[in-house]
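Just below is one structure, and these are the notes that go with it.
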Amino acid sequence: MPASELLTGAGALLADPSPKDIIAPPQYSVAWVILAVLCLLVITALIVATLKTTRAIEKRVAYRRRPTDVDTLKAEFLRAVNDIADRHDAGELEARPGHHELTAVMRRFVRRTTGHDVTSQDTRTLTADPRTRDVGELIAALYEPDFALSTDAELRDSVRRAREVIRRWS
């Protein structure tokens with residue numbers, strides 16, 4: 001077979017490499033763009049909602065864990081009692097003035113926690129009230145070192161008892 005026949009026969013089998021009409025690629029629908037924007041909006045809304053919800057939960061948990069007013073007062077007066085003990089340990093405060101200060105701190109503690117002014121109440125009145133009984137007993141024990149010229153009562157023991165009374169307070 002001649003070569004020209006082979007080329008003509010092969011040409012019939014092969015498509016013409018340059019088509020006569022150019023076909024444009026299919027266009028994307030506008031629906032896909034709208035769907036993509038909606039997906040981004042939904043994802044953003046989910047992130048914002050999750051952040052707001054978790055922050056609100058954290059605030060509620062932190063609010064529940066905050067110290068109550070009584071706990072704050074207890075901490076304040078424990079610091080005052082500890083200050084008396086520290087000054088006594090440093091030699092800046094004698095036992096008798098330390099007992100005077102401790103009595104005053106405990107009376108202020110009762111006034112701040114109950115609202116009743118007990119700065120001039122005697123120990124019988126303090127021990128008669130069930131709420132102030134512990135403080136009344138402590139102040140009664142502090143009277144001897146407060147007013148005696150010499151005493152065997154140690155300020156450390158009185159400070160320890162005052163801390164216990166403050167911690168047990170409800």
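Nothing in this text is a laboratory measurement; each read-out follows from the coordinates by a stated rule. In this text, all values refer to a predicted model and were calculated from it rather than measured experimentally. A quick note on method: Cβ atoms are made from the backbone with ideal geometry, for glycine too, and the neighbour counts reach across all protein chains shown.
Please report, in whole Å³, the volume per residue of the convex hull around the C-alpha atoms of the range 47-142.
Values: hull volume 12.1 nm³, N = 96.
Dividing the Cα hull volume of the range 47-142 by its residues yields 126 Å³.
Mind checking which of ALA104, VAL30, HIS116 is farthest towards the positive end of the range 16-133's charge dipole, using Cβ charges of +1 (Lys, Arg) and -1 (Asp, Glu) about the Cα centre?
HIS116
Fully extended, how many nm does the chain gain between THR114 and ARG133 (0.36 nm per residue separation, minus their Cα-Cα distance)? Mind showing how you got there, number by number?
Details: separation 19, 0.36 × 19 = 6.84 nm, distance 1.27 nm.
Here the answer is 5.6 nm.
Taking 7 Å along the Cα-to-C-beta vector as the label spot, tell me the LEU73-GLN27 distance in nanometres, rounded to one decimal.
Label at LEU73, label at GLN27, 7.8 nm between them.
If the cut-off is a Cα-Cα distance under 15 Å, which aspartates and glutamates reach LYS74, setting aside same-chain residues fewer than 8 apart in sequence?
ASP83, ASP134, GLU164
Between THR53 and ALA90, 0.36 nm times their residue separation minus their Cα-Cα distance comes to what? Intermediate results must be reported in sequence, preceding the final value.
Details: separation 37, 0.36 × 37 = 13.32 nm, distance 5.21 nm.
Contour length minus Cα-Cα distance gives 8.1 nm.
Relative to the present Cα-Cα distance, how much length would full extension add between ARG124 and ASP157 at 0.36 nm per residue of separation? Numbers along the way, then the final one.
Values: separation 33, 0.36 × 33 = 11.88 nm, distance 2.23 nm.
Value of the extension gain: 9.6 nm.
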